[in-house]
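**Student:** Just passing along the structure, written as structure tokens.
The values are calculated or read from the model by the stated rules, or taken from the named source; none is laboratory data. Computed from a prediction, not measured in an experiment: that's the story for all the values here. Note that each Cβ is placed from the backbone with ideal geometry, even for glycine, and that neighbours are counted across all protein chains shown.
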Amino acid sequence: MSEELAAKSCVPCRGGVPPLAGAALEELLARLGPNGWRVVAGHHLEKRYDFPDFARALAFVDRAGAIAEAEGHHPDLHLSWGKVVVEIWTHKIDGLTESDFVLAAKLDAAL
């Protein structure tokens, strides 16, 4: 099911819509599969990716950045030796939209 999300494109949020909550969040999280994504405080998605060294973690950040630019949707990327922590939310509404889950699926596909 994650592939279905990854095949979509992020849709720019113009604001004025409520963030996703409850069952809608759970359904989209389930579509990402059991791969480490979690919804934090109903506000944002978070995942830690582990790598065997700094160079591969940095290469993933470069791929993630290219995906973010192509989608016009930009996550927070925290790079350190052997790991990257990704946080995603829609800043315009200070919460989650389907596009956040689309971006998460695209990042997983970039591994």
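**Student:** Inspect all residues belonging to segment 84-104 and state whether any of them is modelled with pLDDT of 95 or more, touching a Ser or Thr at 6+ places or on another chain (Cβ under 9 Å), surrounded by fewer than 17 Cβ atoms within 10 Å (Cβ to Cβ) and not polar (S, T, N, Q).
**Tutor:** No, segment 84-104 has no match at all.
**Student:** Another question, if that's okay. Can you list the helices (runs of 4 or more DSSP H) lying wholly within segment 1-97 that have 2 or more residues being touching a helix residue (DSSP H, G or I) at 6+ places or on another chain (Cβ under 8 Å) and farther than 12 Å from Leu107 by Cα?
**Tutor:** 23-32
**Student:** Using the structure shown, decide if His43 is within 12 Å of Leu103 (Cα to Cα) and in contact (Cβ under 8 Å) with a residue 12 or more places away in the chain.
**Tutor:** Criteria not met by His43.
**Student:** Name the residue, out of Pro75, Pro34, that is without any contact (Cβ under 8 Å) to a residue 60 or more places away in the chain and exposed (fewer than 12 other Cβ atoms within 10 Å of the Cβ).
**Tutor:** Checking each option against the conditions leaves just Pro34.
**Student:** Additional query: Quick one: would you say Glu46 is out of contact with any Cys (no Cβ under 6 Å at 6 or more places or on another chain) and surrounded by 15 or more Cβ atoms within 10 Å (Cβ to Cβ)?
**Tutor:** Considered against the rule, which asks whether it is out of contact with any Cys (no Cβ under 6 Å at 6 or more places or on another chain) and surrounded by 15 or more Cβ atoms within 10 Å (Cβ to Cβ), Glu46 comes out as yes.
**Student:** Being touching a Lys or Arg at 6+ places or on another chain (Cβ under 9 Å) and basic (Lys, Arg) is the filter here, so list the residues in segment 60-105 that pass it.
**Tutor:** Within segment 60-105, Lys83, Lys92 qualify.
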